[in-house]
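Have a look at the structure below before the remarks.
The values are calculated or read from the model by the stated rules, or taken from the named source; none is laboratory data. Predicted model, so just to flag it, every value in this text is computed and none were measured. Ideal geometry is used to build each Cβ from the backbone, glycine not excepted, and the neighbour counts take in all protein chains shown. Surface areas here come from the heavy atoms of the whole protein model, side chains and all, with no ligands, DNA or RNA. Shrake-Rupley method; radii C 1.70, N 1.55, O 1.52, S 1.80 Å.
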Amino acid sequence: MTQHSFQPASGFPTVRMRRLRHHPLVRDLVRESTLTTNDLILPLFVVPGRGIKKEIGSMPGNHQLSVDRLVDEVGGAIDIGIRAFIFFGIPTHKDAIGSSALEDDGIVQGALRALRETFKDKALLITDECFCEYTDHGHCGPLSEQGGRRDVDNDQTLPKLAQQCVSHARAGADVVAPSGMMDGMVQAIRTGLDEAGFSHVPIMSYAAKYASGFYGPFRDAAESPPQFGDRAGYQMDPANGDEAMREVALDLSEGADIIMVKPAMAYMDIIRRVKERFEVPVAAYNVSGEFAMVKAAAAKGWIDERRVAMEILTGIKRAGADMILTYFARDAAKWLK
Ligand code: PBG
């Protein structure tokens with residue numbers, strides 16, 4: 001046996017994990033995950049009218065905004081370092097097929113034009129692509145009866161989704177983000193965008209989106225709760241992880257550029273599995289209910305809001321997310337200063 005003067009450390013007391021925690025600057029050096037304003041995407045809700053800034057009760061600090069106030073809001077967010085935004089529209093009229101989503105002068109289209117003109121390339125404009133805010137029944141596409149059950153008609157929804165995306169791209173969307181969990185949605189949208197001259201517009205697919213109780217406050221904000229039943233016929237069962245891998249593989253094969261996991265906190269394992277398995281850009285949506293829980297507990301004085309919010313966002317990054325959609329974006333940007 002050869003003799004080595006170097007003895008590999010086998011454990012305590014040679015190894016002391018606390019050694020790297022002793023000096024604060026060493027802690028900074030060995031930190032593995034860092035949250036920056038580049039990672040943040042701020043969701044915003046647009047409503048018709050002028051001068052409207054109506055706070056959403058269950059989402060303190062977040063508002064329904066008319067286009068003029070939306071421009072102010074985005075300007076303020078840019079000033080504190082936020083550069084990416086995702087938009088949800090609440091239209092004046094709803095019908096069974098969500099036709100107001102496809103109008104070139106629709107609510108989101110109008111917002112995009114105003115923002116593009118005001119901010120040029122200073123803001124990245126992402127659009128949520130779905131029909132639940134535009135249908136009178138609150139489901140994510142037109143309905144049909146299949147096997148005695150009324151549910152969203154997958155194949156009727158696809159061409160409409162492609163149309164919605166093209167209309168948004170024409171109005172200035174930089175990235176489209178389909179959230180309806182329809183089979184084949186990425187392929188339909190990719191084809192539609194390419195044919196309309198938007199082959200450069202990336203698709204951020206809500207690939208693994210769960211049928212979650214955490215969307216409650218959002219549905220108040222977007223006025224989009226389903227009027228009957230639930231979304232379990234298209235969104236995923238919270239119990240399933242392997243199924244998420246199949247969803248992601250399919251979306252990538254159809255041309256998805258960024259893969260989203262939603263919600264985030266109860267699905268950290270999914271974020272990690274997607275990142276390790278596919279090695280593609282991953283977005284995590286820290287959804288409305290996750291935000292509301294922290295706000296409510298903090299308002300009661302039960303937790304330290306800043307500490308807990310930053311811990312959650314850092315944890316989502318550590319899990320493997322490259323970017324986070326979060327209602328904490330503004331707060332986080334201020335705290336990061
Ligand atoms: C559907 C959509 C929803 C959310 C984002 N896009 C609601 C739903 O699926 O019911 C939820 C986001 C959140 O809770 O913050 N267009």
Could you grab me the full set of residues in segment 14-38 that are in contact with a Leu (Cβ under 8 Å, 6 or more places away or on another chain) and surrounded by 10 or more Cβ atoms within 10 Å (Cβ to Cβ)? V26, R27, L35, T36, T37
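Looking at A266, A283, A296, which one is within 13 Å of the ligand (Cβ to nearest atom) and open to solvent by 10 Å² or more (accessible area, probe 1.4 Å)?
Details: A283 fails: open to solvent by 10 Å² or more (accessible area, probe 1.4 Å); A296 fails: within 13 Å of the ligand (Cβ to nearest atom).
A266 is the lone residue from the list that is within 13 Å of the ligand (Cβ to nearest atom) and open to solvent by 10 Å² or more (accessible area, probe 1.4 Å).
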Here the residues within segment 159-176 that are part of a strand (DSSP E or B) and touching a Cys at 6+ places or on another chain (Cβ under 9 Å) are V176
When A188 is evaluated against the numbered criteria (1) of a type in the set (A, V, I, L, M, F, W, C); (2) in contact with a Cys (Cβ under 8 Å, 6 or more places away or on another chain); (3) open to solvent by 20 Å² or more (accessible area, probe 1.4 Å), which criterion, by number, is the only one it fails? (2)
Among the residues of segment 215-243, count how many are free of Cβ contacts under 8 Å to residues at least 60 places away in the same chain, within 16 Å of the ligand (Cβ to nearest atom) and open to solvent by less than 30 Å² (accessible area, probe 1.4 Å). 2
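With I303, I312, I324 as the choices, which residue is of a type in the set (V, I, T), open to solvent by less than 10 Å² (accessible area, probe 1.4 Å) and either within 16 Å of the ligand (Cβ to nearest atom) or on the phi < 0 side of the Ramachandran plot (or both)? Write out each step before concluding.
Details: I303 fails: open to solvent by less than 10 Å² (accessible area, probe 1.4 Å); I312 fails: open to solvent by less than 10 Å² (accessible area, probe 1.4 Å).
Of I303, I312, I324, the one residue that is of a type in the set (V, I, T), open to solvent by less than 10 Å² (accessible area, probe 1.4 Å) and either within 16 Å of the ligand (Cβ to nearest atom) or on the phi < 0 side of the Ramachandran plot (or both) is I324.
With the condition kept exactly as written, say whether any residue in segment 187-199 is at positive phi and in contact (Cβ under 8 Å) with a residue 40 or more places away in the chain.
No, there is no match, as no residue in segment 187-199 is at positive phi and in contact (Cβ under 8 Å) with a residue 40 or more places away in the chain.
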One residue from R69, R50, R27, R31 being more than 22 Å from V287 (Cβ to Cβ) and touching a strand residue (DSSP E or B) at 6+ places or on another chain (Cβ under 6 Å): R69
Note down all Cβ pairs under 6 Å where the first residue falls in segment 145-156 and is in a loop (DSSP other than H, G, I, E, B), the second is open to solvent by less than 40 Å² (accessible area, probe 1.4 Å), and they're at least six residues apart or on different chains. D153/P142; D153/S144
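Of the residues S179, S212, S205, which is among the polar types (S, T, N, Q), within 24 Å of D105 (Cβ to Cβ), surrounded by 15 or more Cβ atoms within 10 Å (Cβ to Cβ) and within 16 Å of the ligand (Cβ to nearest atom)?
Working: S212 fails: within 24 Å of D105 (Cβ to Cβ); S205 fails: within 24 Å of D105 (Cβ to Cβ).
Residue meeting the stated conditions: S179.
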For segment 39-128, which fully contained strands (runs of 3 or more DSSP E) count at least 2 residues that are open to solvent by 10 Å² or more (accessible area, probe 1.4 Å)? 53-55, 63-65
Just checking, which of T157, T135 is open to solvent by less than 30 Å² (accessible area, probe 1.4 Å), hydroxyl-bearing (S, T, Y), within 13 Å of the ligand (Cβ to nearest atom) and under 27 Å from H200 (Cβ atoms)? T157
